[in-house]
Every structure is written in C-alpha cells, then in structure tokens.
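The structure under discussion appears below in the form of structure tokens.
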Amino acid sequence: MSERQGVRKEQSLVMEEVGNIIQVMPLSLANKIAAGEVVQRPASAVKELVENALDAGADDIQLLLKDAGSSLIQVIDNGCGMSPSDALLSFERHATSKIRTVEDLEAIHTLGFRGEALASIASVSQVELRSGTSGEAPAFMIRMDGGELVEDGPAAPMQGTSIAIRNLFFNVPARRNFLKRPQTELKHILDMIQVLALSHPSVGFRVEHEGNMLLEVEKVSVEESDTGLKRRAADLIPIGKGSTLISVEESTSYLAVRGILGAPESARRTRGQQFLFVNGRYVKHRYIEHAVLSAFEYLLPEGSYPFFVLFLDIDPRHVDVNVHPTKAEVKFDDERGVYGMLRAVVRRALGTSLGTPDISQAQPLHHLDLGLADRFQSATPSSQNPSGGLQSGHRPSYSADSATSWLTGAASKSLYEGAVTLPAGQSRPVDSAKDGVGEEGLLWQLHDTYILTQIRSGLVIIEQQAAHERILYEQALSCLKEGFGLSQQLLFPREIEFSAADYALLESLLPDLNRLGFDVEPKKKNKVSVRGVPADISTGDERSVLDEIIDQYRLFERVDGLSGQENLARSVARRGAVRSGNTLSPREMRALIDQLFQCESPYVGPDGRPTIITMSGEELRERFDQRP
Ligand code: ADP
Ligand code: MG
C-alpha cells in the first residue's frame, strides 16, 4: 500500500489469529463492491456527477463524452465548488455535506445523500477533479487512480467543479465487458440527461460526444417560471409541432401536483414520454402513471400514451424513496389516495383546457354581436361562478382550502349549496335579465336537449341529461363516502307511509340516504318520518322523491344488476337530473358545464354513454368536403 498522503488509507483489520476466518474487507474492495451498486454503467456515473453539480447550485452544466462514456465522462459545472480539504474528503466513503443528522435523513431534499458516489466511481476509474470556490483564488486539483490518490495541488482559479472520469471499470473487466454497444450506452446517458434537464428548467445543459454537440438547452430564467417547464419540454422532446401543452397545478395538504400534459393528439404508441417525479426524484411507478392514463380515458385511441411531466410533492414521511441508490422506486403510504387525487387533478386540467369554451377566442354563435362577449370576458370569476368552482378558460389555481374539496369529497357541497339549482324534471322559462344574456353568445341549447358551444379546435355538443347525471352521480358518491350531504330541515316533519316491500327497501337504504342529506327515521307500520331533505330538493315533494328513488333503484337492480351505493348514486342522479326537453338558461348551461368539468370523468354518464361529442374543425371541413 502506498504511503502517499493518501486520502484513502487501507483500514483493513485482518484477524491474524489462527481459526478466525472472518475478515473485514479492505476498504478498496468494499468500494469496488459498492461501485457495482451505484455505478452500473456510464449513465449511472453521469447521473451521480450531474446530480452533484445540481446540488452544488450550478445553473450551467456541461457533459463531455468519449466512447459513449467508457473512456471519458467529464462534467463541468459552475456551482459552489469545494475547498481543498472538502475536495479530498469528497472521495471518502460516506463523506457528504448533505446529511448530518437522522432528522436530515427524513427530510432529504438534495438529490445525493449517501455520500458514496464519488468514492465508488473513483474506485473503478481514473479521476481528475478540479474545483474552486471563486474565480480569483487558486483552485484545487486531485488525480486518483482506482481509488488511490496520485496527485494533488493548486490549479488555475475557477468557480465550480470539473470532474473527469476516465476508463470507467478499467479494473473490473467483468463489468467493462458487460457494457452494451456504444449507441445503447449513449442512449442511456441522453435519457438520463433528459430527465435531469426536465426537472431543472433553470439550468442550462450541453452534451458533447467526441466533439459533436448532441444536446443543448438554454436555461429558462426564473421570471418565466410559469412557462419554464413548457419551454424546456418543447426544447427537449419532439412533441409535435404546434401541439399544445396543458399546465397542471393543484395542491392539498397531502399532495401537490404540478407539471404539464401533452394534448391528446400528441399521444404516442409507447410509454416513453412519461416523466414522473416524486419530491424531485425521477421515478417509474406503473400504478401512479396509470392514474394519468385513465384520466385521459376516451380522449385517446386504444394503446396510445399521453406525454406528461408531472412533479408530485408530498411530505417525505408519506413516501419511501430510500430504496436503492440506482433504482428509482417509491412507495406511498396511501397509493390509492395518490392515484385518485392525481387522476382527478389531470382530469380537471384536461377538462378546463380542452372541454370548456375558450373564452378568449370565443365568438358568438348567433349573428348579432352585441359586444357582450367582451363584457363576459372581463367579468370577475366570482360573478361568473358563485359556487367558486373552476372557471372555464381559466387555469385552475387552488388554495389549500379549496383543494381539499376534491380530497374530502366536500366538492359535493358546492352542488347542494350551489347558487344555481338546475330544474329537476320541470322546465321553466328563461329569465334573460336574471340569467344574463351576455353569456348567450357562447352557449346554445338545441331542441332543449343539447348544449352547443365551441372550443379552440372545434365544436362541442353536450347532452344535458347525461352530463347532469354525471355531476349528480359523482356528488352522490362522494356524499356516500364522506357523509357530507347538506340537509334542509323541514319546518314540520312529515310522516309518509309505504307499501311493505317499499318500506323494507327504504329501510335498508336509510343509512345511505341519510348520508345524502335525507333526514329520515323509520317508524312503525311501514311509516317513516321525514325531517329533512337534501338541500337541492324542493320541499313538498318528499314523497315523490323517495318513491322515484325507490322505483329507479328497483329498475337498476333488475335491469343492470346494480346494488348498494352504486345503484343508489345512479338512482339519485337519474331522479335529480335535468331531462331532455327542459329549457336551460345560459347561466344554467354554464353552471352545468363548469360542474361537469369538475367531475372526475366528465366525458361519460354514469351508465357509460358519452356526455360530450366534439367535432374538430378538421372534421367539419372534411364533411363539407373542403380542403384544409
Ligand atoms: P453525496 O452527493 O451523496 O453527498 P457524493 O459522493 O456524490 O455524495 O459527493 C460527496 C460530496 O462531495 C458531496 O456531499 C459534496 O459536498 C461534494 N461534491 C461532489 N460533487 C460536487 C460538485 N460538483 N460541486 C461541489 N461539491 C461537490
Ligand atoms: Mg452525489
């Protein structure tokens, strides 16, 4: 063993006594073994080095490669740099500036945290490191060979760090032989850089392979942070010219989601363009990815996958990321919860941007332009949607409070409290003054059955009954789950008598009916006492409401084999929904659309029939036999 001023002294304790066969491994061997875990291929070394540069606060990172990384991987950053003693220490196993206490371990924010990457990489390569903490004072240089210090000393001033890894695995022939073709290794490296660049739009990246620039993305300035990710994604990934990216941003106390979605038309046949990050770490998580896919249901052809970049932030105590240094796997303590929330968030983002009218581009459908479109456009959100739901054409921005509405199911409250109550089963004339003719230009009711409106890409037709059923169905389901139904107390409780069969059914449904906002108590002799009804049911017709729900329940039971809460939710939705033939005011139409797009599955009714049909401009042109 060399006695140079080694950073790496062989600390092996070899038991000399006869009979003892267990030996503590020489440290260099331990490092080599660890290297097998941390560094499997050039791309994993690239990952570790670039992550170190990011952790050091660099906003410009350059990667130079030779032989797809097997003869040279050099990462040059403009980060904080290291002092000479830190630079020497950085090659020590478990030397890290990133955790000091167990509490730190629980709240890992930096990408690296084990302090073993540099030691591992150095043990299987020849390393040259230069690092400086200011552009004026001399920097420091270290050369190592297979983990042994060969040379150190001053170097030309620099701010940042340059680390060159030569001849990776030169002393582990088995691993070197195991490397795939250069193109394959290079692809792994570029995939890795793509992921790192997507998660750090404010950092510029350049990758050169044997003098050829393979990738170059400029840093996106912080002021543009809102569009930063979109721009970075567009710079990095061929999503299709002119195809739109949809922003997502919502948070609750449990989970925050932000990112972008590709529009359905840019979906691909492979899953390659799906990027999921949990607390900043890139992960593959089939189940959670499926949540996104399922949010796109009916918008994508079978077997195609949407592009997305999504960042999930969650209290580290609810997620286990410390699984393996190279395998990006996470486990949430509430996987199903995360699935549901993510699906709902993506659903809403899609609904807002694709399904609802784009007010900024909307033109009145009728000839008479009263200039009201402008007035509508400048209307304040609260005047358009008193229930506080999402605004069509506006990006959803949720406060932690309002966001809990989709978490807790209290969203349903907004319907029962909703400022706009849709007529149930009876029509009423449009009160144009009250209902705001200004909105008429954007929405049009056809045959008192369909709502027509336009989106950027064409025409949207909504079937009002199916749409309203979807809304009421989801409301009912969440009430049933959370017991949130708002009840309106009757002045005088009513006693209602039922047939024995109806009474039996009613009694079995009572706990769930009460969750929906009915306040019904069983009495003797097939009678119930009704003390309250859901807030959106007009009083006086309690009997017919209950009768209709029971009848509908029976019908669904017989015809569709439905039971329990699913049946009840569908029955309540069917009973409460506006019918074909009901005239809706513009305000009601708008409320319907707004509420529809707050649903998890706005595109289908509870029975699976579509609620919405869209006709693209292209389709219209085709049908009119016009060339584009
Ligand atoms: P970890 O990143 O887990 O701490 P590493 O072995 O990757 O472990 O790095 C060890 C230490 O070396 C880091 O904690 C950091 O202090 C320092 N370091 C490594 N690379 C850089 C760099 N590019 N710029 C500044 N400091 C660095
Ligand atoms: Mg590291």
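The values are calculated or read from the model by the stated rules, or taken from the named source; none is laboratory data. Bear in mind the structure is a predicted one, so any value in this text is a computation, not a measurement. Ideal geometry is used to build each Cβ from the backbone, glycine not excepted, and the neighbour counts take in all protein chains shown.
Numbers below:
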read-out	value
Check on ALA501, assigned to a helix (DSSP H, G or I) and surrounded by 14 or more Cβ atoms within 10 Å (Cβ to Cβ)	no
Selection within region 42-71 - within 23 Å of GLN183 (Cα to Cα), hydrophobic (A, V, I, L, M, F, W, C) and surrounded by 20 or more Cβ atoms within 10 Å (Cβ to Cβ)	ALA43, ALA45, VAL46, LEU49, VAL50, ILE61, LEU63, LEU65, ALA68
Evaluation of ALA174 against (1) surrounded by fewer than 18 Cβ atoms within 10 Å (Cβ to Cβ); (2) under 30 Å from GLY135 (Cβ atoms) (one fails), failing number	(2)
Qualifying positions in region 491-519 - farther than 23 Å from LEU562 by Cα and within 46 Å of the chain's Cα centre (by Cα)	ASP519
Qualifying residue in region 528-546 (condition: in a helix (DSSP H, G or I), free of Cβ contacts under 8 Å to residues at least 12 places away in the same chain and either aromatic (Phe, Trp, Tyr) or farther than 15 Å from TYR473 by Cα (or both))	yes
Considering residues of region 44-88 that are in a strand (DSSP E or B) and not hydrophobic (A, V, I, L, M, F, W, C) only, the residue farthest from ligand 1 (Cβ to nearest atom)	LYS66
Single condition GLY485 does not satisfy, out of (1) modelled with pLDDT under 90; (2) surrounded by fewer than 24 Cβ atoms within 10 Å (Cβ to Cβ)	(2)
Test: residue in region 316-330 that is in a loop (DSSP other than H, G, I, E, B), modelled with pLDDT of 85 or more and surrounded by fewer than 17 Cβ atoms within 10 Å (Cβ to Cβ)	no
Matching residues, region 599-628, being among the small types (Gly, Ala, Ser) and not in a strand (DSSP E or B)	SER601, GLY605, GLY608, GLY617
Residue in region 594-617 that is crowded, with 24+ Cβ neighbours inside 10 Å and among the aliphatic types (A, V, I, L, M) present	yes
Considering residues of region 428-468 that are over 30 Å from the mean Cα position of the chain (by Cα) and on the phi > 0 side of the Ramachandran plot only, the residue modelled with the lowest pLDDT	GLY436
Single match in ARG175, ARG181, ARG206 (criterion: under 34 Å from the mean Cα position of the chain (by Cα) and of a type in the set (Lys, Arg))	ARG206
